[in-house]
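Have a look at the structure below, then the notes.
The values are calculated or read from the model by the stated rules, or taken from the named source; none is laboratory data. Small disclaimer: the values here were computed from a predicted structure and weren't measured. All Cβ positions, even for glycine, are placed from backbone atoms using ideal geometry, and neighbour counts span all protein chains on display. We work out accessible area using only protein heavy atoms, side chains counted, and drop any ligands, DNA or RNA first. Shrake-Rupley method; radii C 1.70, N 1.55, O 1.52, S 1.80 Å.
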Amino acid sequence: MADNIGNIDAKEYYLGVDGVENKSFHVKGAEHLDWGMKNRLAKIFNEKSGNTVMLAFDHGYIMGPTSGLERLDIVIPPLIEHVDCIMATRGSIRSCISPNIDKAICLRIGYDSSVLYDDMSNGGGVACNIENAIRMNATCLAAQTFIGSSGEKNSLELLAKTVDAGVKYSIPTLGVVAVGKEMERTTKFFQLATRILAENGANIVKSYYCDDFEKVVAACPVPIVIAGGKKLPEAEALTMAYRAISEGARGVDMGRNIFQSEHPEAMCGAIGKVVHENFTDKEAYEFFLDIANSKNE
Ligand code: R5P
């Protein structure tokens, strides 16, 4: 085992240098996967832009009826046409989303401690096994990990089990970097966490935008999508998305900054413009305002 004392800091990221692989398939690190995996990843990541807009509405699985998500059956369906993939729990999808949708489904397969506990990394486990994920026609399995917390071991075991089950049926895994109460939110932390998830088999990693984000992306051998985090003013959320995409994120897995907006559909559309159509943050904000104002008329 490598000695962790006196390591030389990582510094050569070959920024701007294309990977030697990824010539025949548009998803980073997926060149050597089989047909079924690639087919599912291609449903998530648009072939033309190489990117994805994932709509996260899984917050209730630990937080209960989060603001904006009180009524999933009313809030979520109109947003689906604007995104490539929905990310949620099986209970919310089964009960509130029509099976007629033609979008990728990223299924959260674990449970974690509720917000009644001080630290959500306390403990978790499998909430939906692979057979049920297949019944839900999951395109991707999402497993949350708590690197650097007391829940690290449990969550890495969950990730490993998820990856193994997914590989068996050619379903990719999204590894989610959690930032619990005790955890740092530094570039170094996100580099560590994203790389650990990828090396443990995640095909996509969800993390947070941070300083020196391009170094986090460069050192992670699979695509990173960013979470939105707490609600920001729309212009700021679009700037964060724009910066993340400009610095190498392959998409967003965004929740509150969409469904807590006064105009969730307009926000969803504006995010899509940044992710897929090379809009700048300012152009996307103008797009947002145009749609929002037309709804207000
Ligand atoms: C966090 O683990 C949850 O999966 C959320 O879905 C995720 O944080 C994205 O939502 P938001 O953009 O609201 O942070």
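Please specify each residue of the stretch 183-199 satisfying the condition of being farther than 19 Å from E12 by Cα and within 16 Å of the ligand (Cβ to nearest atom).
M183, R185, L197 - these are the residues of the stretch 183-199 that are farther than 19 Å from E12 by Cα and within 16 Å of the ligand (Cβ to nearest atom).
Could you grab me the full set of residues in the stretch 176-197 that are open to solvent by 10 Å² or more (accessible area, probe 1.4 Å) and either under 26 Å from E131 (Cβ atoms) or of a type in the set (S, T, Y) (or both)?
Selection gives T186, T187.
If you go through the stretch 114-150, how many residues are closer than 22 Å to E184 by Cβ and over 20 Å from the mean Cα position of the chain (by Cα)?
Residues that pass the stated criteria total 8.
Residues are listed down the side, and each one gets a yes or a no for (1) in contact with a His (Cβ under 9 Å, 6 or more places away or on another chain); (2) buried (at least 16 other Cβ atoms within 10 Å of the Cβ); (3) closer than 21 Å to Y208 by Cα:
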| residue | (1), (2), (3) |
| --- | --- |
| G29 | no, yes, yes |
| L72 | no, yes, no |
| P78 | no, no, no |
| C96 | no, yes, no |
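If we scan the stretch 229-244, do we find a residue that is open to solvent by 10 Å² or more (accessible area, probe 1.4 Å), modelled with pLDDT under 95 and among the small types (G, A, S)?
yes
Pairs under 8 Å by beta carbon, first residue part of a helix (DSSP H, G or I) in the stretch 56-67, partner within 8 Å of the ligand (Cβ to nearest atom), six or more apart or different chains?
Y61/R108
Is at least one residue of the stretch 102-118 under 28 Å from E47 (Cα atoms) and either modelled with pLDDT under 90 or surrounded by fewer than 16 Cβ atoms within 10 Å (Cβ to Cβ) (or both)?
yes
So G272 ticks every box in (1) surrounded by 16 or more Cβ atoms within 10 Å (Cβ to Cβ); (2) in a loop (DSSP other than H, G, I, E, B) but one. Which box is left unticked?
In the conditions (1) surrounded by 16 or more Cβ atoms within 10 Å (Cβ to Cβ); (2) in a loop (DSSP other than H, G, I, E, B), G272 misses (2) alone.
Hey, among N100, N132, which residue is closer than 29 Å to S170 by Cβ and in a loop (DSSP other than H, G, I, E, B)?
Of the residues listed, the single one that is closer than 29 Å to S170 by Cβ and in a loop (DSSP other than H, G, I, E, B) is N100.
Specify which of the listed residues (A249, A219, A160, A202) is out of contact with any helix residue (DSSP H, G or I) (no Cβ under 9 Å at 6 or more places or on another chain), closer than 30 Å to G36 by Cα and away from the ligand (no atom under 12 Å from the Cβ).
Only one candidate passes the filter, namely A160.
Within the stretch 31-57, how many residues are in contact with a helix residue (DSSP H, G or I) (Cβ under 7 Å, 6 or more places away or on another chain) and buried (at least 20 other Cβ atoms within 10 Å of the Cβ)?
5
Check whether at least one residue in the stretch 282-296 is part of a loop (DSSP other than H, G, I, E, B) and either among the acidic types (D, E) or touching a residue at least 12 places away in the same chain (Cβ under 8 Å) (or both), and report yes or no.
no
Are any residues in the stretch 80-94 open to solvent by less than 20 Å² (accessible area, probe 1.4 Å) and part of a strand (DSSP E or B), and if so, which ones?
Those that are open to solvent by less than 20 Å² (accessible area, probe 1.4 Å) and part of a strand (DSSP E or B): C85, I86, M87, A88.
Given the criterion within 13 Å of the ligand (Cβ to nearest atom) and either among the acidic types (D, E) or under 19 Å from F259 (Cα atoms) (or both), identify the matching residue among I86, I97, I109.
I86
Going by what's in this entry, would T173 be described as closer than 19 Å to I105 by Cβ, open to solvent by less than 20 Å² (accessible area, probe 1.4 Å) and hydroxyl-bearing (S, T, Y)?
Taking the combined requirement at face value, the residue satisfies it.
So, D84, is that one under 19 Å from the mean Cα position of the chain (by Cα), among the acidic types (D, E) and within 14 Å of G255 (Cβ to Cβ) or not?
Considered against the rule, which asks whether it is under 19 Å from the mean Cα position of the chain (by Cα), among the acidic types (D, E) and within 14 Å of G255 (Cβ to Cβ), D84 comes out as no.
Does the stretch 131-141 contain at least one residue that is within 30 Å of V217 (Cα to Cα), touching a Lys or Arg at 6+ places or on another chain (Cβ under 9 Å), of a type in the set (S, T, N, Q) and away from the ligand (no atom under 12 Å from the Cβ)?
Within the stretch 131-141 (the criterion being within 30 Å of V217 (Cα to Cα), touching a Lys or Arg at 6+ places or on another chain (Cβ under 9 Å), of a type in the set (S, T, N, Q) and away from the ligand (no atom under 12 Å from the Cβ)), the answer is yes, since at least one residue qualifies.
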